[in-house]
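The values are calculated or read from the model by the stated rules, or taken from the named source; none is laboratory data. Computed from a prediction, not measured in an experiment: that's the story for all the values here. As a convention, Cβ positions derive from the backbone with ideal geometry for all residues, glycine included, and neighbour counts pool all protein chains shown. For accessibility, only protein heavy atoms count, side chains too; no ligands or nucleic acids. Shrake-Rupley method; radii C 1.70, N 1.55, O 1.52, S 1.80 Å.
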Amino acid sequence: MTHFQRFLSALLLTLALLVAPSFARAQSSWTGVERIVVIGDLEGDYEKFTDMLRTAGLIDTRGNWSGGRTHLVQLGDIPDRGPNSRMVMDHLMRLEPQAERAGGYVHALIGNHEAMNVEGDLRYVHPGEYAAFADRNSRRLRDAYYRQTQEYMRANPPPTGVPVFDDAFRAQWEAEHPLGYVEHRQAWSPHGRYGRWIASHESVIRINDLLFLHAGIGPSYLPAERDAMNEAVRDALNGQPDPAFADILTNQEGPLWYRGLSLNQEPREEPHLAALLARHGVSRIIVGHTKRAATVLPRFGGRVIITDIARRDGYADPHAFLIIENGALTTIHRGHRVPLNVSNQAETCAYLDSVLAFEPQDSPLRTTASQCHAALQLPATAP
């Protein structure tokens, strides 16, 4: 982050009008949980989120918790690419205390896009996200922000020199800072409503003998303790990175970014996966982050489950997610229950064929299933 970006972040904080609630949640392991509902990346899709909650029996007609002792695990990447992240987060914040009173739990894990928003990396923010924060005070706040920006640039000229603050400059600046932008940045700051809420959560948790996280854990992070990673992510989000994990929010082998479990060829990744399972004492790892298929996808004989759903343009999202009941895994796909009981490639292909029964003829999942069957014909030692 440049000096100018740090200044802007501090400025937005001084303009804050929101009062951030206090959150105190720090636990990373649970046992004896009978029912777990796992939802992958939401990317600002509130309708998808509430549909999955209703299908799983977690909310009533008023949107209140009805899931009893169920644990809901949302694997991160609530924001970006869609317009309604704020609605999703507000609903999760409402459900958290309701679930705990009922003996259940809501786990909103930290993903790379949560960290990006806190840190000010806004490349993927949907215009609707800013609009969701706009109100009658937005123009006044933005005008104040513009004046402060001018003052800073005059006092600290950029390498290209102080710009001409004419109508063209102002128009371009306002296009890059739409109404609601200032409030969005306030709310996502480490001291804002959503920034503080995000940082109150975990990045890696264990429930029963399952490990849940947004992306994965790469070889360089294999020795790291679960709680050490969680604390390091929280510290970094609060602007106080742990020197031992200084780049944990952006490291491609860290828990917010690692894609090897989802993308690497299985024979090559197998030794690392075995070490990772042993390190955390679990039988499976459940992740989001990487879009591999248009449904919940098992890899490595079901020892890795990917819940981020790939959706082709023009193809209706299947609202697919995972339910684990007394150790049995079930994919919910377009409202249908498909047992996810796989331990080898043939069973994975059979699972995909079962999901295809609920898909249209032109479903992209047919390609995934065909590739699975083609892999069955390869020699066992093929790369």
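Between GLY103, GLY40, GLY76, the distinction of being small (Gly, Ala, Ser), more than 14 Å from the chain's Cα centre (by Cα) and at pLDDT 95 or above belongs to GLY103 only. A count restricted to region 219-259 and to residues that are within 16 Å of LEU109 (Cα to Cα), without any contact (Cβ under 8 Å) to a residue 40 or more places away in the chain and of a type in the set (Gly, Ala, Ser) stands at 3. Number of residues in region 240-258 that are in a loop (DSSP other than H, G, I, E, B) and open to solvent by less than 60 Å² (accessible area, probe 1.4 Å) equals 10. Candidates VAL355, VAL342, VAL338: the one that is open to solvent by less than 20 Å² (accessible area, probe 1.4 Å), at pLDDT 95 or above, under 24 Å from ALA278 (Cα atoms) and over 19 Å from the mean Cα position of the chain (by Cα) is VAL342.
Residues are listed down the side, and each one gets a yes or a no for (1) charged (D, E, K, R); (2) assigned to a helix (DSSP H, G or I); (3) closer than 22 Å to LEU75 by Cβ:
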{"site": "ILE305", "(1), (2), (3)": "no, no, yes"}
{"site": "ARG312", "(1), (2), (3)": "yes, no, yes"}
{"site": "HIS319", "(1), (2), (3)": "no, no, yes"}
{"site": "ILE324", "(1), (2), (3)": "no, no, yes"}
{"site": "ASN341", "(1), (2), (3)": "no, no, yes"}
{"site": "ASP353", "(1), (2), (3)": "yes, yes, no"}
{"site": "PHE358", "(1), (2), (3)": "no, no, no"}
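A single member of SER189, SER203, SER262 is in contact with a strand residue (DSSP E or B) (Cβ under 7 Å, 6 or more places away or on another chain), surrounded by 22 or more Cβ atoms within 10 Å (Cβ to Cβ) and either modelled with pLDDT under 95 or not hydrophobic (A, V, I, L, M, F, W, C) (or both), and it is SER203. Among residues of region 28-49 that are within 14 Å of ARG206 (Cα to Cα) and outside any strand (DSSP E or B), those with a beta-carbon under 6 Å from a residue that is modelled with pLDDT of 95 or more and of a type outside the set (S, T, N, Q) at least six positions away or on a different chain give the pairs SER28/GLU202; SER28/ILE205; SER28/ARG226; SER28/ASP227; VAL33/HIS71; VAL33/ILE207.
Residues in region 150-175 that are within 28 Å of ARG86 (Cα to Cα) and modelled with pLDDT under 95: 0 in all.
All told, ARG284 falls short of being open to solvent by 40 Å² or more (accessible area, probe 1.4 Å), more than 20 Å from ASN208 (Cα to Cα), charged (D, E, K, R) and in contact (Cβ under 8 Å) with a residue 60 or more places away in the chain. Comparison of THR307, THR331 shows that the only residue that is among the polar types (S, T, N, Q), open to solvent by less than 10 Å² (accessible area, probe 1.4 Å) and in contact with a helix residue (DSSP H, G or I) (Cβ under 8 Å, 6 or more places away or on another chain) is THR331. The set of residues in region 60-81 being outside any strand (DSSP E or B), touching a residue at least 40 places away in the same chain (Cβ under 8 Å) and either in contact with a strand residue (DSSP E or B) (Cβ under 9 Å, 6 or more places away or on another chain) or buried (at least 22 other Cβ atoms within 10 Å of the Cβ) (or both) consists of LEU75, GLY76, ASP77, PRO79, ASP80.
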